[in-house]
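Data first, discussion second: the structure below is written as structure tokens.
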Amino acid sequence: MENKAFDIKSMTLAEVKQAVEAMGEKPFRAKQLYEWMHVKLAMGYDEMTSLPKNLREQLEAQYPYTALREKTVQTSKLDGTKKYLFALADGNYVESVWMQYHHGNSVCISSQVGCRMGCRFCASTLGGLERNLTPSEMLDQIYAIARDTKERVSNVVVMGTGEPLDNYDNLLRFLQLISDENGLHISQRNITVSTCGIVENIRRLADEKLQITLALSLHGATQEKRQELMPVAKKYALEEVIDACRYYFDQTGRRITFEYSLVNGVNDTEADAETLCRLVSGLNCHVNLIPVNPIKERDYTASKRREVLNFQSRLEKKHIHATVRREMGRDIDGACGQLRRRLET
């Protein structure tokens, strides 16, 4: 894990205990510190008033404290969705989205600064990968939004900028911390991790036997179509990606979600729907159809409403559960990477 020794907010409670005891403090101080970080969502050591002043000073000297600062917030007039741009300590920026649903509040977080996957319809990848986010930088996107909205976050989606499985160790540590009963304790069943299909890490994640939902960015039902939209497909054949998803279900019992961005005239035909049916037949899965979010750097446009509903209907006739994603925040920079991109350019 990156910077584990220096980043106290990325440590488990057991590791925080070791750090605090090394400073000559009693173990109960670690529990207090952990609670200030992960339950009370303190912005810095100075807020931790139940800790002795000399301990706070030692912590300040030894462990930089991760607390993201809002650069901008956009609020949708259509549905109240909020898009955040957060400043990181090194001058980079990262995006997160807060969405209100009838079943609770969802936060979509980023896992990297930029992305190297190169998907053709995505703004996140246009500037390439800058660096991985630490577990605390992933956590604090959620914490900062909870502080701002003063509402409980019940669902987390790791589907913002970056490829989570390209930042595997930090992702795993983040999942451990966000679901820890001593912290925010968000149920793993309410956490979704999205991937372009890094096969070896899907299998590694399956072996962890977590109860999170795995969402595969599919976007094409044949190797050729997928390669056209997603350069990562050149490395991983569609067949081995689907096999890895099958393995994930076998190991965890968790239904797979397939994310399918519908691009007008590219992957939204009747033939595409039929091919998709054959591809996922027999898999315990759910297909999430997403009319693609247009970005000015690419000439892709979203499928027409009629095509989207026809596509859904064809899947359901073959008994494949399919939903059309409700579009949130379309009047703001709702798509991954757009807000950061606008700031940079």
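The values are calculated or read from the model by the stated rules, or taken from the named source; none is laboratory data. No experiment lies behind these values; they were computed from the predicted model shown. Note: ideal-geometry Cβ built from the backbone for every residue, glycine included; neighbour counts use all protein chains shown.
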## Note on the structure
When restricted to GLU15, GLU21, the only residue surrounded by fewer than 14 Cβ atoms within 10 Å (Cβ to Cβ) and either in a helix (DSSP H, G or I) or free of Cβ contacts under 8 Å to residues at least 24 places away in the same chain (or both) is GLU21
### Task
Look through segment 82-94, keep the residues that are of a type outside the set (Ser, Thr, Tyr) and part of a strand (DSSP E or B), and return whichever of them is surrounded by the fewest Cβ atoms within 10 Å (Cβ to Cβ).
ALA87
#### Entry: Qualifying position, being surrounded by fewer than 19 Cβ atoms within 10 Å (Cβ to Cβ), closer than 21 Å to ASN132 by Cβ and touching a residue at least 60 places away in the same chain (Cβ under 8 Å), among LYS31, LYS71
LYS71
#### Entry: Subset of segment 300-345 [modelled with pLDDT under 70, exposed (fewer than 14 other Cβ atoms within 10 Å of the Cβ) and touching a helix residue (DSSP H, G or I) at 6+ places or on another chain (Cβ under 9 Å)]
none
### Query
Among the candidates VAL107, VAL97, which residue alone is surrounded by 15 or more Cβ atoms within 10 Å (Cβ to Cβ), in the same structural domain as GLU181 (by TED's automatic domain parsing), without any contact (Cβ under 8 Å) to a residue 60 or more places away in the chain and in a strand (DSSP E or B)?
VAL107
### Task
From (1) of a type outside the set (Val, Ile, Thr); (2) surrounded by fewer than 20 Cβ atoms within 10 Å (Cβ to Cβ); (3) closer than 20 Å to ASN284 by Cα; (4) in contact with a helix residue (DSSP H, G or I) (Cβ under 8 Å, 6 or more places away or on another chain), pick out the condition that doesn't hold for ASP180.
(3)
### Task
Being assigned to a strand (DSSP E or B) and either of a type in the set (Ser, Thr, Tyr) or exposed (fewer than 14 other Cβ atoms within 10 Å of the Cβ) (or both) is the filter here, so list the residues in segment 249-299 that pass it.
THR257, TYR260, SER261
### Query
Taking segment 31-63 as the region of interest, how many residues are closer than 18 Å to LEU184 by Cβ and assigned to a helix (DSSP H, G or I)?
9
